[in-house]
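Quick notes on the structure that follows.
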Amino acid sequence: MARRLQQALVAAVAVCAVVLGTGARAEAATYWNLNDGFETTESLWNQDGGGPEDCPRYRTCNPVDVIDDAAEAYRGTRYASILNNSGYGANWLSYGRQVRIPAGSAQCDLGAWINVDYARKTPVTMQLEVIRVSDWTYQISRTFQLTDLNQVGTWRRYSTGYWTPGPRDVFIRFVLVGQEFGVVGMRVDDVTVSCTVG
């Protein structure tokens, strides 16, 4: 008797779960990904400082330094490299590229594998930024600090977390902040922008 009662109760709960559901409309989400490992896209990337052009303040316009060395890349053979040897804590160097987000994107995320390959002291400060091209204002900016010198020379994945896109044309940028009386270097590989659409 108790067993039949238990089976009837389980069946009733299962029916209620099917009938009630989640209450959400049944729609399929589409996912869009931009994957850039610098293998064939070097001409799309730019950096500020140290190049032939005078970049407007806070803009990124010079050719980026892409290294072809499979032994040093996170994956593939190429990665972007930047060295900040200014010796000033307020100085920063960056590189980035323009990206067109798909129409109807509900939320997006910028991520990359980053290797702080040179530092003698901590913290090493990095930023991942998404900037509206139309007015050069932030969609999202996320700051990270490497605080352990034992992590120098290792690849780690960093991400902005999700943001709600505004205009479709954005500029993604990786920033390396200088250190007082110090030199820091950073490599970036396997950049991804992922969005849910619809």
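The values are calculated or read from the model by the stated rules, or taken from the named source; none is laboratory data. No experiment lies behind these values; they were computed from the predicted model shown. We place every Cβ from the backbone using ideal geometry, glycine too, and count neighbours over all the protein chains shown.
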Residue list for the range 152-198, filter: in a strand (DSSP E or B), among the acidic types (D, E) and under 22 Å from N85 (Cβ atoms): D189
Enumeration of residues in the range 137-151 that are assigned to a loop (DSSP other than H, G, I, E, B) and either under 19 Å from R97 (Cα atoms) or in contact with an Asp or Glu (Cβ under 7 Å, 6 or more places away or on another chain) (or both): T137
Hits in the range 98-118 - residues which are surrounded by 19 or more Cβ atoms within 10 Å (Cβ to Cβ) and out of contact with any Cys (no Cβ under 9 Å at 6 or more places or on another chain): V99, L110, A112, W113, I114, N115, V116
D189 vs. criteria touching a residue at least 12 places away in the same chain (Cβ under 8 Å) and either of a type in the set (A, V, I, L, M) or within 21 Å of E129 (Cβ to Cβ) (or both): yes
Segments classed as strands (runs of 3 or more DSSP E), wholly inside the range 25-99, with at least 3 members that are modelled with pLDDT under 95: 65-68, 78-84
Residues within the range 141-166 that are without any contact (Cβ under 8 Å) to a residue 40 or more places away in the chain and surrounded by fewer than 19 Cβ atoms within 10 Å (Cβ to Cβ), tallied: 14
Residue within the range 115-136 that is touching a Ser or Thr at 6+ places or on another chain (Cβ under 7 Å) and not in a strand (DSSP E or B) present: yes
Residue tally, condition touching a strand residue (DSSP E or B) at 6+ places or on another chain (Cβ under 6 Å) and either closer than 19 Å to F144 by Cβ or of a type in the set (F, W, Y) (or both), over the range 180-198: 11
